[in-house]
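To start, the structure itself, in structure tokens.
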Amino acid sequence: MSLLDALKMFSDTSSANVTCPKCNKVSPQSRQKLNKNITMICPHCGHYFRKNED
């Protein structure tokens, strides 16, 4: 594993603040979920959403 691969893995584990499209509240979500467009759950209202809706 190269140094760049290790840095990429570290940066993928960080979180980003995401706004729920239903209740407009901000919550931290995994950057890995954002990059892979995995369904996220709002911890405030329980709404399921993705960064890029189809």
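None of the figures in this text is laboratory data; all of them are computed from the coordinates on show. Treat the numbers as computed from the prediction; the structure is a model and nothing was measured. Every residue, glycine among them, receives a Cβ derived from its backbone with ideal geometry; neighbour counts consider all protein chains shown.
Quick notes on this structure:
- Förster-model FRET efficiency, 25 Å R0, Arg50 and Leu3, C-beta, rounded to 0.05: 0.20
- Label-point separation in nm, Ile38 to Lys25, each point 7 Å along Cα→Cβ: 2.2
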